[in-house]
Every structure is written in C-alpha cells, then in structure tokens.
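Working notes for the structure below.
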Amino acid sequence: MASFKGETYTHDDAQKVGVLLMNLGTPDAPTPAALRKYLAEFLWDPRIVELPRPLWWLILNGIILRTRPAKSAQKYQSVWTEAGSPLLVTSRRQVELLNQALKSAGLNNVVVALGMRYGNPSVASALEELKRANVRRVLVLPLYPQYSATTTGSTFDAIADELKTWRWVPELRFINSYHDHDRYIEALAESVRRHWASHPAGDRLVFSFHGTPRRYFDDGDPYYCLCQKTARLVAERLQLPENKWMVTFQSRFGKEEWLQPYTDATMESLPGAGVKKVDVICPGFSVDCLETLEEIAEENREIFLHHGGETFNYIPCLNDSSEHVKLMLALVQTHTQGWPVAAAVSRDDLAQTARRAQAKGAAR
C-alpha cells in the first residue's frame, strides 16, 4: 500500500498560488565527491540517457562515475564563487526579484519557490515549501525556453513522482516552452545590443544551444526546431543578414551523433573561413553556469583563438536582468489567468472558516 505524506493545511490561512521556478541543478560543492553524487542522479535519469538500464548501469558505475567526477570538479572550481555555484546564486536572486515584481504588479496572493531537477534545492523540498505556504495551485515554470524531453519533460517526471506521494495533490499548470515569446526574444536582442554598445560587433553572431543526441530529434523531440526559431527571431529583431549569424550545438557526450553543427568544431573552422571575430550567445540557458562560463567563455574561446581567431566575446545569459524578470512576470500573468492571484480574504473570514472546521472535528 502506498504511503502518503501528511498535510500541513490550516483553515485559518489564505490559500495561495505558487510558482515553482525550475532549473537543471548544480553540485553542492566543486569536489569529486559532490560531483559523483550529482552526476549519478543526473546521468541515471532515463530522459537523459535512453539506453537499457542494466547496460547503462554498468557503464555509468563501472566507468563514468570512476573517472568523470574529478575532471568535472576541476571545471566547476574554475567558475565557483565565494557565494557558491553561479547557477544557484543567480537562481535565488531570480526568485527574490520575481517575488518583488509580483507584489508590485498586485499579484499579492502568489509566492515563488526554487527547485532543481538534480541536486539541491530538490523538487521535493521546493514543493514542500509551497505546501507550507498554503499553496493549493502550482504553476511550474521550467527555465528552459526550448522544450526538450531531456529538460522540461524530465522536470514533469520529477514533479509527478513527488506528487504521487501526496494525499492532497494541488491544482497544477505547466509552462511547456517560451522559445518564441516576444518578451524573451526582445530580452535576448537587447542583451546583444547592450553588448555591441560597448564592444564592436563581431563578424558572426553564434547562437550556441545545448545539444542532444540526433536520434532524440529523429524520434520526435521538437528541441532542434525550437532552437532554430529562437535564433531566427532574434536575428530578425537585430536585422542581421543570414551570413552574419548561425546556430550551433554544444556539450555533446559520448560517441554517437548529436545535433549539428557542433560548437567546438565550428570554432575550429571559422577562422579558416575568414571569420576572425565572433560573438557567442547561449539562448537555451536562462542562467550562466558551467556550460556557459567554462565550456563557452573559456574552452571554446581558447579553441577559436588557437585556430587563428582574433576576438571572441561571450554575451552573458539573461540571468537576473530586469528584462528577464519582466519576461517571467509576463509568463506568470498569462498562465495563472482564472486563478485568484490577487484575492484578499479577511482575517475575520478565515477565522470563521477555522471555527466551522473545528466544530466539525478538524484539528486546525
């Protein structure tokens, strides 16, 4: 028989709407031990690696988790700050700023919590935080602009798995994608304009997205198409001709074919094709993290310059910029329509509700 977690509902607290901001996650520390724990959770997700479980268990535990944690720890050490993981630090600021924006917009019945698909704060702890705030309606906002089964789909799995253990499941809405949202496109375009205001524009603007195995696309994952549309819309907003921008894919893992062209291979070849100055932006990442700060701004910069490039400029993610907060606010406003986001219930009404409930036998 299933074991369902106890509830913390009280009749004299106003019911609220919760926004669950979700991102990929980060290790607790830039150490081999912390990386081994994080990678074990991340790489065991069947949405990430679609191989038969017995075979993948042998590969993961017999090879990868014996060698990769130490190498990954060195990379994380190069981007770690005194405050901790860049992704986690910025994500917490996003929560704070979005809470402020919601209150300023009159959405005083909405609270925001942060969850990570892997690592901490966990999905379970984030949902528990919302439960303690008396949230009965939850809007899930995965900060992955372009839907992929490996990211947004996996987030849905994790939330569903946690809610399976709840006796009283909250009303749930889920933002699937916002790859072509006008505020998102404008925020990206503005970040490029702001960069070009202080740095001369390069010969090519490269949109580098996180890659996935090619067979995921062949099997129906729309991610590749959504990335292409995002880049096209931003290029159009910037009025760039086709020969001034391109899409690439980074972070491939393993030996099978992934989405192409590969970012690192492109950085090797561009100087030989006469492209000596590049600007690189990573629109698929909502927060700067290892894949942008180390892989792009360090590794790929070195590749480009080593092969004859002259100038490599990385344009930061939207992070906690005002444009990004306005986008998140707009998404919340759109997807909570019909919910009582600005409802105000008097303390007298709540007290009366509690008295009636207790008269019927409720504990609180």
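The values are calculated or read from the model by the stated rules, or taken from the named source; none is laboratory data. Given the structure is predicted, the values throughout are model-derived calculations rather than measurements. FYI the Cβ positions are ideal-geometry reconstructions off the backbone, even for glycines, and counts take in every protein chain you see. Side chains are part of the model used for accessible areas, which takes the heavy atoms of the whole protein and leaves out ligands, DNA and RNA. Shrake-Rupley method; radii C 1.70, N 1.55, O 1.52, S 1.80 Å.
Given a 1.4 Å probe, how much area per residue of segment 198-308 is accessible, in Å²? The partial results should precede the final answer.
Details: 5040 Å² over 111 residues.
On a per-residue basis, segment 198-308 sits at 45 Å².
Selection among P213, H199, I185 by position relative to the dipole of segment 183-228 gives H199 as farthest towards the positive end (Cβ unit charges, Cα centre). When each of the peptides 81-91, 47-57, 273-283, 112-122 is scored by the mean number of other C-beta atoms lying within 10 Å of its residues, the order from highest to lowest reads 112-122, 273-283, 81-91, 47-57.
Among the chymotrypsin sites (Phe, Trp or Tyr not before Pro) in segment 238-333, those placed in a DSSP loop whose Cβ has at most 15 other Cβ atoms within 10 Å are F253. Legend: residue pairs K37/K75; K103/K131; K131/K164; K71/K164; K131/K229, Cα-Cα distance threshold 26 Å; pairs beyond threshold, K71/K164; K131/K229. Simple rule: put +1 on each Lys or Arg Cβ and -1 on each Asp or Glu Cβ in the chain, find the dipole, and look at L305, A133, L290; the Cα lying farthest toward the positive end is A133. In the chain, the DSSP beta bridges split such that about 5 percent are antiparallel, to the nearest 5. Measuring spread by the Cα atoms of segment 64-136 yields a radius of gyration and Dmax of 16.3, 52 Å. Straight-line cross-link reach from K277 at under 17 Å between alpha-carbon atoms covers these lysines, not counting any fewer than eight positions away in the same chain: K244. Ranking F174, L259, V275 by Cα position along the charge dipole of the chain, where only Lys, Arg, Asp and Glu carry charges on their C-beta atoms, puts F174 farthest toward the positive end. Charge dipole (Cα centre; +1 on Lys/Arg Cβ, -1 on Asp/Glu Cβ; no other charges) of segment 113-267 amounts to roughly 380 debye.
Please sort by residue number the chymotrypsin sites (Phe, Trp or Tyr not before Pro) in segment 159-225 whose DSSP state is loop and whose Cβ has at most 14 other Cβ atoms within 10 Å.
W168
Annotation: amide H of Q250 within the under-5 Å range of F209, H210, G211, T263, sequence separation 5 or more or interchain, hydrogens built in the peptide plane. Dipole magnitude for the chain: about 1060 debye, using +1 per Lys or Arg Cβ and -1 per Asp or Glu Cβ, origin at the Cα centre. Using a 1.4 Å probe on the protein chains only, how many percent of the accessible area of the chain belongs to carbon and sulfur? Within the chain, the accessible surface is 53 percent carbon and sulfur. In this structure, the amide hydrogen of V19, modeled 1.01 Å from its nitrogen in the peptide plane, lies closer than 5 angstrom to those of V111, V112, A113, L139, counting only residues at least 5 positions away or on a different chain. With both labels modelled 7 Å from their Cα along Cα-to-Cβ, the Q15 to F217 distance reads 4.5 nm.
How much FRET efficiency would the formula 1/(1 + (r/R0)^6) give for K255 and K229, where r is the Cβ-Cβ distance and R0 is 25 Å, rounded to 0.05?
Details: r = 29 Å, r/R0 = 1.17.
Plugging the Cβ-Cβ distance into 1/(1 + (r/R0)^6) gives 0.30.
A cut-off under 10 angstrom between Cβ atoms defines the neighbours of M267, and their net charge, with Lys, Arg +1 and Asp, Glu -1, is -3. Annotation note: trypsin sites (Lys or Arg not before Pro) in segment 221-258 located in DSSP loop regions with a Cβ neighbour count of at most 10 within 10 Å are K255.
Separation of segment 29-51 and segment 265-323 by C-alpha centroid, Å? One Cα centre to the other: 25 Å. Only Lys, Arg, Asp and Glu carry charge here, each on its Cβ (+1 for the first two, -1 for the last two); on that basis segment 122-179 has a dipole of about 260 debye about its Cα centre. Put simply, the amide H of C317, placed in the peptide plane, has neighbours under 5 Å in D288, leaving out anything fewer than 5 places away on its chain.
Relative contact order for the chain: 24 percent, from Cα pairs under 8 Å spaced at least 6 residues apart, divided by residue count. Backbone geometry of segment 208-220 corresponds, through the Karplus equation with coefficients 6.51, -1.76 and 1.60 at θ = phi - 60°, to 3J(HN,Hα) couplings of 9, 10, 5, x, 9, x, 4, 5, 5, 5, 4, 8, x Hz, x marking Gly and Pro.
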